[in-house]
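The values are calculated or read from the model by the stated rules, or taken from the named source; none is laboratory data. Please read these numbers as outputs of a predicted model, since none were measured by experiment. Note that each Cβ is placed from the backbone with ideal geometry, even for glycine, and that neighbours are counted across all protein chains shown.
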Amino acid sequence: MSESAATTAKKRPEFYNIDGKSLISYRWPLASLASGMHRVSGAILFFLMPFIIWMFDNSISSEISFGKFKSVFEVGVLGLPGFIWKLATLGLIWACLHHLLAGLRHLWMDTHHEHVTKDIGRQSAAFVLVATISLTLVLGAKLFGLY
């Protein structure tokens, strides 16, 4: 190749990893958003496992422990009002629902991989996100006593 052809050759585009500045403006595809939130919800469930076990134990042990359990959501405990504990429980409800639905989506896509297209992945991710938010709102309304 001649010297002049090498200098006039068009430079190929360079692609970099997402840095901190462009992370805010980056538009995540729905499938990656659902998958990332699946990981986040799994981490939330893992780290809140002591709280989950405490809630389960106090809700079924006896009538007295169930009364203490209910009072946490009404009065509060450890210096935090009951509203904060309800919000933590609402986050736990979201994490359980999202982890379940996104996990079922991943299992379905793993078993039907030859039929999965980019459009089906986007639609199933949208379904998971909408269903999770809808069910969380319905159960949150029940948790906060709206019905």
(message) Which of the helices (runs of 4 or more DSSP H) found entirely inside the range 24-75 contain at least 2 residues meeting this: acidic (D, E), exposed (fewer than 13 other Cβ atoms within 10 Å of the Cβ) and modelled with pLDDT of 85 or more?
(response) 63-74
(message) Among the residues that make up the range 99-107, is at least one of them over 25 Å from L143 (Cα atoms) and buried (at least 17 other Cβ atoms within 10 Å of the Cβ)?
(response) yes
(request) Those residues that are under 26 Å from S124 (Cβ atoms) and either among the β-branched types (V, I, T) or at pLDDT 90 or above (or both), I need them from the range 1-23; list them, please. (result) I18
(request) State which residue is farthest from S41 (Cα to Cα) when the search covers only the range 133-147 and only residues that are modelled with pLDDT of 95 or more and among the hydroxyl-bearing types (S, T, Y). (result) S134
(message) When the residues of the range 108-132 are narrowed to those that are charged (D, E, K, R) and surrounded by fewer than 11 Cβ atoms within 10 Å (Cβ to Cβ), which ends up farthest from S41 (Cα to Cα)?
(response) E114
